[in-house]
Amino acid sequence: MNREFNTVVFDFGGVLIDWNPRYLYRNIFEDEHEMEWFLENVCTEAWNTLQDEGYSFSELIPELKKKYPEYSDKIEMYQRRWPEMVRSEITGSIKILREIQAKNYPVYGLTNWGFETFPIVFERFDFLRSLTGIVVSGDEKLIKPDPKLFEILIARYNIKPESCIFIDDNLRNIQSADEIGFKTIHFVSPENLRNDLQLLNVLQGKILT
């Protein structure tokens with residue numbers, strides 16, 4: 001049976017926003033290998049996830065500095081110079097987002113993002129302020145793929161998963177959304193996303209420019 005969709009939910013990082021700590025730390029480290037070691041062992045992805053879960057920098061940074069005192073200044077930069085980790089919006093994805101909105105679909109955001117840093121991107125990117133609603137993991141102290149975060153989105157905005165398309169670049173998040181009943185699209189590139197949405201009859205024709 002064909003499903004009809006009336007709502008779209010986007011992840012942000014890696015889908016709509018190009019964020020990467022390397023954009024900052026390549027300007028800090030002279031040695032690429034040392035930078036990679038630092039990001040794999042000190043300011044790791046797992047450590048960043050703690051921010052997404054709702055922990056503050058004031059809770060996380062002192063503990064990490066005690067463990068790696070030789071990197072104290074670089075650890076502090078993770079907060080102090082955080083905006084430099086955000087390169088830009090992902091232009092092709094934003095064009096698709098705008099076209100979806102032009103077709104009067106409600107568009108929401110469901111993002112794993114720290115409560116201290118999300119206001120920075122919210123102020124910087126006007127497309128975020130155009131969304132119908134947003135759920136931020138750091139505010140809720142829950143992160144994808146936890147089904148409870150999806151349930152907050154569903155309840156807060158009266159979303160019906162079976163009528164909703166969920167777009168994310170993380171396969172674990174996609175699997176969780178699948179189990180709840182969303183139609184999911186694993187984001188690989190704006191071009192692939194456009195093709196997937198066309199197959200679902202959400203987009204037709206050229207991207208708006």
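The values are calculated or read from the model by the stated rules, or taken from the named source; none is laboratory data. Quick caveat: nothing in here was measured; it's all calculated off a predicted structure. We place every Cβ from the backbone using ideal geometry, glycine too, and count neighbours over all the protein chains shown.
Assorted remarks:
- Of all residue pairs spaced 6 or more apart or on separate chains, those with beta-carbon atoms under 7 Å, a first member in segment 56-85 that is outside the structural domain of K141 (by TED's automatic domain parsing) and farther than 20 Å from I120 by Cα and a second member that is part of a helix (DSSP H, G or I) and of a type in the set (D, E, K, R) are S72/K65.
- Test set (1) out of contact with any Lys or Arg (no Cβ under 8 Å at 6 or more places or on another chain); (2) outside any loop (DSSP other than H, G, I, E, B) - V188 fails condition number: (2)
- Out of E30, E40, one residue alone is in a helix (DSSP H, G or I) and either buried (at least 18 other Cβ atoms within 10 Å of the Cβ) or free of Cβ contacts under 8 Å to residues at least 60 places away in the same chain (or both). It is E40.
- Out of Y78, Y68, sole residue that is surrounded by 17 or more Cβ atoms within 10 Å (Cβ to Cβ) and not hydrophobic (A, V, I, L, M, F, W, C): Y78
- For S88: the one exception among (1) polar (S, T, N, Q); (2) touching a strand residue (DSSP E or B) at 6+ places or on another chain (Cβ under 7 Å); (3) over 15 Å from D52 (Cβ atoms); (4) surrounded by 19 or more Cβ atoms within 10 Å (Cβ to Cβ): (4)
- Verdict on I167 being of a type in the set (V, I, T), in contact with a Ser or Thr (Cβ under 8 Å, 6 or more places away or on another chain), within 14 Å of V15 (Cα to Cα) and assigned to a helix (DSSP H, G or I): no
- Within segment 160-202, considering residues that are of a type in the set (A, V, I, L, M, F, W, C) and under 12 Å from I96 (Cβ atoms), the one surrounded by the most Cβ atoms within 10 Å (Cβ to Cβ): I167
- Residue in segment 78-86 that is within 30 Å of D178 (Cα to Cα) and outside any helix (DSSP H, G or I) present: yes
- Residue tally, condition over 23 Å from N201 (Cβ atoms) and either in a strand (DSSP E or B) or in contact with a Leu (Cβ under 6 Å, 6 or more places away or on another chain) (or both), over segment 91-126: 2
- L24 being more than 21 Å from V136 (Cα to Cα), in a helix (DSSP H, G or I) and under 21 Å from the mean Cα position of the chain (by Cα): yes
- Residue match in segment 149-156 (condition: under 25 Å from I94 (Cβ atoms), at pLDDT 95 or above and of a type outside the set (A, V, I, L, M, F, W, C)): yes
- Within segment 130-142, at least one residue is part of a helix (DSSP H, G or I) and either of a type outside the set (G, A, S) or over 13 Å from the mean Cα position of the chain (by Cα) (or both).
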